[in-house]
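A.B. asks: Would you mind keeping the following structure in view while I ask a few things?
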Amino acid sequence: MFNKETYIRRRNELKRLVGEGIVLLFGNNESPNNYPNNGYYPFRQDSSFRYYFGVERDGLVGVIDIDNNTEMLIGNDIDIEDIVWYGSVNSVADLGAQVGVTQTFPVKQLQHICNEALSKKRTVHFLPPYRHDTMIQIMDLLGIHPSQQKEAASLKLIKAVVKMRSVKEPQEIAELEKAAEIGYEMHTTAMRITRPGVTEKYVGGQVDGIAHSLGSQVSFPTIFTQHGEIMHGNPSMAVLEAGRLALCDAGAESITGYCSDNTRTFPVSGKYTQRQLDIYSIVEECHDYVLDVAKPGVKYMDVHFAVCRLMTERLKALGLMKGDTDEAVRAGAHALFLPHGLGHMMGMDVHDMEGLGQIYVGFDEETRPNLEQFGTNALRMGRRLEEGFVVTDEPGIYFIPALIDDWRKSGHCKEFLCFDKIETYKDFGGIRIEDDVLITADGCRFLGTKRIPYHPNDVEDFMAKNRM
């Protein structure tokens, strides 16, 4: 939690941006695993509630009455039964005082607040809900069926939240740096314990343990797999094999809920083969190229396509692509190898604010998504960069057998793709390198004071000296 003045300032700015009506910001509730008292899933506060109200407890709702310039924290104080099992906690009034809210009420008061607002035909703003218990609560309070809530959510509120949360304050950047430090420990741990004979599950479990022991939790389910061509390959019981590549995509949340997201691809045996290096060096060059071109005023969509053109040129040199580079990229031929976008926004959510609607987060009135072309339709961030934005830089090259077969059979982009040569790579897997980038006044930089090894010599040297 930041100081009280932070949350007062943020709520005042939100009032100014939204302009009128009542804002409801729903905190999250507990999410039990397989029966009510088994709180296996760790509590995770809603990010927007946390941004404006800062409080970590479950079962809370923040109310901002813009017209009357009042703010309320709604929630029930815990009873003696809870205290017996979980210990004493601050009252809702005490929690409110910590973030500059003087009016607090029990949950039953929220229905009265909503009824009164609706009776006076005042606008009630809420964000798109993503949890079903919140959807039910909105239906009870406002009479809007869950199937209609995404469309009924306030566009004014969405745009105001996106505007504020997109530009990171110095204290937020400090928290993101802390998450990056945990990410360093997670990824270097994976490099130390990866060797032939251990399972993906073992390495993934150790990586997760670092996040839980040094921070709050993982920022998303850890990806650790020998099948790097599978975008979200969660750890399985497969045994790591000599000669294969292991892809580790993992991140942590700091105690205050700010995220890191990094990917490294390294050899199970500790040394890359020449064939692996041929592909790896292309991804490495594309990854580093972002540092040269990403800066305020530049569209991240343009950075994405600059990387795609560079990748295409290098794949042509290897005999995997052919033809005019610009035409190949316009046709989407490169997406056989890179079927996702260059990156996404980062912050309190690992895909920051994605639940508010990607079209509002990664795009704007000037920059619109292309939802028709394969690969480009997965670009999550295209708008102009601003100082204080944090985005991921995550190029990759993947050889996906089913996709190769599909495109070869249909002849898709055959004038740009050397399918006979590509066939010989169907057992290759995939490579991705990812870091979190802060846009600065005149350029950008990676977050984190310690760089997770990714240059091939550095990776091999680290694994040789530190493997357990």
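The values are calculated or read from the model by the stated rules, or taken from the named source; none is laboratory data. These numbers were taken from a predicted model, which means no experiment stands behind them. Methodologically, a virtual Cβ is constructed for each residue, glycine included, from the backbone with ideal geometry; neighbour enumeration extends over all protein chains shown. Ligands, DNA and RNA are stripped out before the accessible areas are found, and what is left, the full protein with its side chains, is counted by its heavy atoms. Shrake-Rupley method; radii C 1.70, N 1.55, O 1.52, S 1.80 Å.
A.B. asks: If you take the residues of segment 307-336 that are under 10 Å from residue 282 (Cβ atoms) and open to solvent by 10 Å² or more (accessible area, probe 1.4 Å), which of them is nearest to the chain's Cα centre (by Cα)?
C.D. replies: 310
A.B. asks: Mind counting the residues in segment 174-198 that are open to solvent by 30 Å² or more (accessible area, probe 1.4 Å), more than 14 Å from residue 467 (Cβ to Cβ) and not small (Gly, Ala, Ser)?
C.D. replies: Matching residues across segment 174-198 total 5.
A.B. asks: Considering only segment 387-399, I want to know if a residue exists there that is surrounded by fewer than 23 Cβ atoms within 10 Å (Cβ to Cβ), hydrophobic (A, V, I, L, M, F, W, C) and in contact with a Pro (Cβ under 8 Å, 6 or more places away or on another chain).
C.D. replies: Scanning segment 387-399, I find no residue that is surrounded by fewer than 23 Cβ atoms within 10 Å (Cβ to Cβ), hydrophobic (A, V, I, L, M, F, W, C) and in contact with a Pro (Cβ under 8 Å, 6 or more places away or on another chain), so the answer is no.
A.B. asks: Would you be able to tell me the number of residues in segment 47-84 that are in contact (Cβ under 8 Å) with a residue 24 or more places away in the chain, assigned to a loop (DSSP other than H, G, I, E, B) and under 18 Å from residue 8 (Cα atoms)?
C.D. replies: 7
A.B. asks: Are any residues in segment 91-148 among the basic types (Lys, Arg) and open to solvent by 80 Å² or more (accessible area, probe 1.4 Å), and if so, which ones?
C.D. replies: The first filter runs over segment 91-148 and keeps only residues among the basic types (Lys, Arg), leaving 108, 120-122, 131.
Across segment 91-148, the qualifying residues are 108, 120, 121.
A.B. asks: Test residue 142 against the stated conditions and say whether it is modelled with pLDDT of 95 or more, touching a His at 6+ places or on another chain (Cβ under 8 Å) and farther than 17 Å from residue 28 by Cβ. Full working, then the answer.
C.D. replies: Details: modelled with pLDDT of 95 or more: yes; touching a His at 6+ places or on another chain (Cβ under 8 Å): no; farther than 17 Å from residue 28 by Cβ: yes.
Criteria not met by residue 142.
A.B. asks: Looking at segment 209-219, which of its residues are within 20 Å of the chain's Cα centre (by Cα) and surrounded by fewer than 19 Cβ atoms within 10 Å (Cβ to Cβ)?
C.D. replies: 209, 212, 214, 217
A.B. asks: Moving on. Could you give me the residue pairs with C-beta distances under 9 Å whose first residue belongs to segment 1-27 and is assigned to a helix (DSSP H, G or I), whose second residue is among the hydrophobic types (A, V, I, L, M, F, W, C) and open to solvent by 30 Å² or more (accessible area, probe 1.4 Å) wherever it lies, and which are 6+ apart or on separate chains?
C.D. replies: 4/97; 7/1
A.B. asks: Any residue at all in segment 284-294 that is crowded, with 22+ Cβ neighbours inside 10 Å and part of a loop (DSSP other than H, G, I, E, B)?
C.D. replies: yes
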